[in-house]
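Peer 1: Before anything else, here's the structure in question.
What follows draws every value from the coordinates through simple rules; no lab data is involved. Not measured: the values here are computed from a predicted model. So basically every Cβ, Gly included, is an ideal-geometry build from the backbone, and we count neighbours across all protein chains shown.
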Ligand code: HEC
């Protein structure tokens, strides 16, 4: 009797082993699905539509997951979102209330931001912001940034990068908030500050009268 029990157990365990090892890539027969398929969401994992749903209103017994961070949350170390609405009041009035969280750039940061500017902006606006980039003519309507920027607040320049403006698209998905605020600082370094202050007396009416 004991022998039969031992043989039976052996046969059973062999059967389990063989059934369980059909294919190395397959988990085989699944006795405890919770142990095989994680109910937690794993990046790049196959998302079984029988378990997960992207519709929060009819989730039912399924797990709601839509790849987006929960509303009102912020990634650690991330700058605050730009909450100015995308309309003319936002552009002309509200954007100037948002201060640049970063100070002027120096050294490596300046170099790196120049690189980002040359990749993302210079194709249209030119390396010096003078609207003479290689595709400026094809795009059409590209503006000389540094002509207007001295009169623009940091928030207004950020606004243009956040939402785009006419023929210029939004850069919100290509550049992080920090990178965009840095580019605002970089544009400040391109502005011809010294030139305007030294040239100003030339157009002074008093100077003309003296001649
Ligand atoms: C595809 C070409 C293109 C690229 C790339 C581009 N822009 Fe523009 N940009 C434009 C055009 C066109 C306008 C003019 C929009 C309009 O009609 O007001 C503009 C306008 C602007 C203005 C507003 C100027 C004003 O006088 O109102 C700013 C500031 C600006 N761009 C900054 C940037 C920055 C910073 C980048 C890089 C992150 C960038 N642009 C990338 C095409 C481009």
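Peer 1: Using only Cα atoms, tell me the angle between helix 154-163 and the longest principal axis of the chain; keep it within 0 to 90° and round to the nearest 10.
Peer 2: Roughly 50 degrees, rounded to the nearest 10.
Peer 1: Can you give the angle from 0 to 90° between the axis of helix 177-190 and the longest principal axis of the chain, with both taken from C-alpha atoms, to the nearest 10?
Peer 2: 20
Peer 1: Still on this structure: Find how many whole Å separate the alpha carbon centroid of segment 139-189 from the alpha carbon centroid of segment 81-120.
Peer 2: Their Cα centres are 7 Å away from one another.
Peer 1: Segment 97-198: D in µm²/s via Stokes-Einstein (Kirkwood Rh, Cα pairs, 25 °C, 0.890 mPa s)?
Peer 2: On the way: Rh = 13.8 Å.
My calculation gives 178 µm²/s for D.
Peer 1: Report relative contact order for the chain in percent, whole number only (criteria: Cα-Cα under 8 Å, sequence separation at least 6). Display every interim value, and only then the final one.
Peer 2: Details: 167 pairs, mean separation 30.4, N = 211.
This gives 14 percent for the chain.
Peer 1: What share of Cα pairs, in percent, lie more than 25 angstrom apart in the chain? Kindly include the intermediate steps, with their values, before the conclusion.
Peer 2: Values: 13805 of 22155 pairs.
In whole percent, the share of Cα-Cα pairs in the chain beyond 25 Å is 62.
Peer 1: Another one. Applying a 10 Å radius around every beta-carbon, put 158-165, 25-32, 171-178, 103-110 in order of their mean neighbour count, most first. Can you show the working numbers first?
Peer 2: On the way: 158-165: 19.9, 25-32: 9.9, 171-178: 14.9, 103-110: 11.5.
My ranking of the peptides, most packed first, is 158-165, 171-178, 103-110, 25-32.
Peer 1: Please give the length that would be gained between residue 24 and residue 119 if that part of the chain were fully extended, namely 0.36 nm times their separation in residues minus their C-alpha to C-alpha distance (nm, one decimal). Mind dumping the intermediate values first?
Peer 2: On the way: separation 95, 0.36 × 95 = 34.20 nm, distance 4.59 nm.
Separation in residues times 0.36 nm, less the Cα-Cα distance, equals 29.6 nm.
Peer 1: Treating the angle as unsigned and between 0 and 90°, give the value, to the nearest 10°, between the Cα long axis of helix 2-20 and the longest Cα principal axis of the chain.
Peer 2: 30
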